[in-house]
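> First the structure, which I've put down as structure tokens, then a few questions once you've had a look.
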Amino acid sequence: MNTLDPQNKKKTTLSGNQPLHYLERQQGYLISLSRQLNSYHCVPKTVQLHDQMDHLRRSIQNLKKENENLMATISKSGRSTLPNFDECETQLEKIKKLERDILAYIGKAKIQG
């Protein structure tokens with residue numbers, strides 16, 4: 001995953017549409033995580049795995065909505081500010097945690113499969 005340039009944190013306004021493009025890339029990454037979760041390797045074989053998969057799917061959908069809302073906010077304002085950068089970094093941390101959770105789930109699903 002790509003992160004925003006940390007040097008830009010010092011500026012009050014980010015150049016161009018950098019956070020918007022960043023969020024668009026992250027949106028694509030969330031879609032790929034969703035596809036990975038829907039692969040045949042991830043078919044839940046127990047009730048616990050089924051519940052965990054449902055939770056992961058809801059988490060992906062929630063992050064997609066948060067990204068869409070943030071993209072709309074940035075697009076509407078027409079410029080990127082430092083709070084947008086901070087929100088993008090927060091989104092990145094949430095996505096990294098979700099990725100770790102999905103990888104753990106896939107490992108469990110393969111073991112029990």
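The values are calculated or read from the model by the stated rules, or taken from the named source; none is laboratory data. Keep in mind the model is a prediction, meaning the values are calculated, not measured. Note that each Cβ is placed from the backbone with ideal geometry, even for glycine, and that neighbours are counted across all protein chains shown.
> Suppose we keep only residues that are surrounded by 12 or more Cβ atoms within 10 Å (Cβ to Cβ) and of a type in the set (A, V, I, L, M) within the range 44-66. Which one would you say is nearest to ALA109 (Cα to Cα)?
LEU49
> With the condition kept exactly as written, say whether any residue in the range 98-108 is modelled with pLDDT under 85 and either surrounded by 13 or more Cβ atoms within 10 Å (Cβ to Cβ) or among the hydroxyl-bearing types (Ser, Thr, Tyr) (or both). Quick ask: steps written out before the conclusion?
Restricting attention to the range 98-108, the residues satisfying the condition of being modelled with pLDDT under 85 are none.
No, the range 98-108 contains no residue that is modelled with pLDDT under 85 and either surrounded by 13 or more Cβ atoms within 10 Å (Cβ to Cβ) or among the hydroxyl-bearing types (Ser, Thr, Tyr) (or both).
> For the range 76-89, which residues satisfy the criterion of being part of a helix (DSSP H, G or I), out of contact with any Ser or Thr (no Cβ under 8 Å at 6 or more places or on another chain) and either exposed (fewer than 12 other Cβ atoms within 10 Å of the Cβ) or of a type in the set (Asp, Glu) (or both)?
In the first step, residues of the range 76-89 are kept if they are part of a helix (DSSP H, G or I); the result is 76-77, 82-89.
Filter once more, keeping what is out of contact with any Ser or Thr (no Cβ under 8 Å at 6 or more places or on another chain): 76-77, 83, 85-88.
Within the range 76-89, LYS76, SER77, PRO83, ASP86, GLU87 qualify.
> Of all residues in the range 58-97, which are in contact with a strand residue (DSSP E or B) (Cβ under 7 Å, 6 or more places away or on another chain) and of a type in the set (S, T, N, Q)? Before you say what the answer is, go through the steps one by one.
Within the range 58-97, the first condition is being in contact with a strand residue (DSSP E or B) (Cβ under 7 Å, 6 or more places away or on another chain), and the residues that meet it are 79-81.
Residues satisfying the conditions are SER80, THR81.
> Find the residue count for the range 50-81, including only residues that are in contact (Cβ under 8 Å) with a residue 40 or more places away in the chain and under 19 Å from LYS97 (Cβ atoms). Spell out how you get there, then give the answer.
So the first thing to find is which residues in the range 50-81 are in contact (Cβ under 8 Å) with a residue 40 or more places away in the chain, and the list is 52-53, 56, 59, 67-68, 70-71, 74-75, 79-81.
Now drop any that are not under 19 Å from LYS97 (Cβ atoms), which leaves 52-53, 56, 59, 67, 70.
The qualifying residues number 6.
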